[in-house]
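To start, the structure itself, in structure tokens.
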Amino acid sequence: HSWLCKNSADFKRIVAEKYKWEKMGLLTIVDDVEISPYLITDYIEEQAQEYSITKVGVDNFRYALLSEALGKIGFSNDNKNLWLVRPSDVYKIVPVIESTFNNQYFIWGNNPLLRWATNNVCVLTSGRKTHEDTGNRYYGKQEGKSRKTDPFMALVHSMILEDSLEQSELQLFDFNDFL
């Protein structure tokens, strides 16, 4: 899920099927001056009714805005279930994500917003501006203002946290049993 501020200077520049995605339940268009952290934490609480959410990853850009609201629903540094995602964490996971794409393990289903956000991403090399290639890669936007990548970066953050989660027993289901 994603949120988009209708009053953002970028809103009109974004060439995407925003209102269609909103009707599909993939996007919430917020008619306010900014997206309240509580919209996001309300969504996390709602999803926790169906899924076992044990950790949340937040990048440095959003951390200051979200940490208080996340703390109110039980995600905090003190509880060791709120992770500040650093660029070095992203550097480490890029090869894993590339392998996942190469092996076609991702299946987006009927989620055009996630496909759009993924296609807005480019892989950049750290140190490129100074002509000093550090060998580290990270994700950026193909174009800074009209290309949103938040849904893809949420996927990146979830993959960074995956190794820190308790492993559960693999369960395989025969979906014919549910038909």
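Readers should treat all values here as calculations from the given coordinates under stated rules, not as data from a laboratory. Every value quoted in this text rests on a predicted model; they were computed, and no experiment measured them. Neighbour counts run over all protein chains shown; Cβ positions are idealised from the backbone, glycine included.
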Open item on the list: For segment 1-79, what does the relative contact order come out to in percent, with C-alpha contacts under 8 Å and a separation of six or more?
Closed with: 28 percent
Task: Quotient of C-alpha Rg and 2.2 N^0.38 Å, computed over the chain - done: 1.12
Open item on the list: If each DSSP helix of 4+ residues adds -39,500 (n - 2.57) and the sum is divided by the residues in the chain, what number results at 222 nm, nearest 500 deg cm²/dmol?
Closed with: -11500 deg cm²/dmol
Open item on the list: Can you pull out the trypsin sites (Lys or Arg not before Pro) in segment 1-40 whose DSSP state is coil and whose Cβ has at most 14 other Cβ atoms within 10 Å?
Closed with: K6
Open item on the list: If amide hydrogens are placed 1.01 Å from N in the peptide plane, which non-local residues have theirs closer than 5 Å to the one on W83?
Closed with: V56, G57, V58
Open item on the list: Quick check for me: using +1 on Lys/Arg Cβ and -1 on Asp/Glu Cβ, what's the dipole size of segment 29-130 about its Cα centre, in debye to the nearest 20?
Closed with: 660 debye
TODO: Could you give the spread of the C-alpha atoms of segment 7-86 along their three principal axes, from largest to smallest, in whole angstroms?
DONE: 40, 28, 22
- [ ] Could you tell me the distance between the Cα centroids of segment 61-84 and segment 91-115, to the nearest Å?
- [x] 26 Å
Open item on the list: Taking 30 Å as the cut-off for C-alpha to C-alpha distance, list the pairs among K12/K92; K23/K148; K72/K145; K23/K92; K92/K148 that go past it.
Closed with: K12/K92; K72/K145; K23/K92
- [ ] For segment 38-49, just list the computed ³J(HN,Hα) in residue order, Karplus coefficients 6.51, -1.76 and 1.60, θ = phi - 60°, integers in Hz, with x standing in for Gly and Pro.
- [x] 6, 4, 6, 5, 4, 5, 4, 4, 4, 5, 5, 5
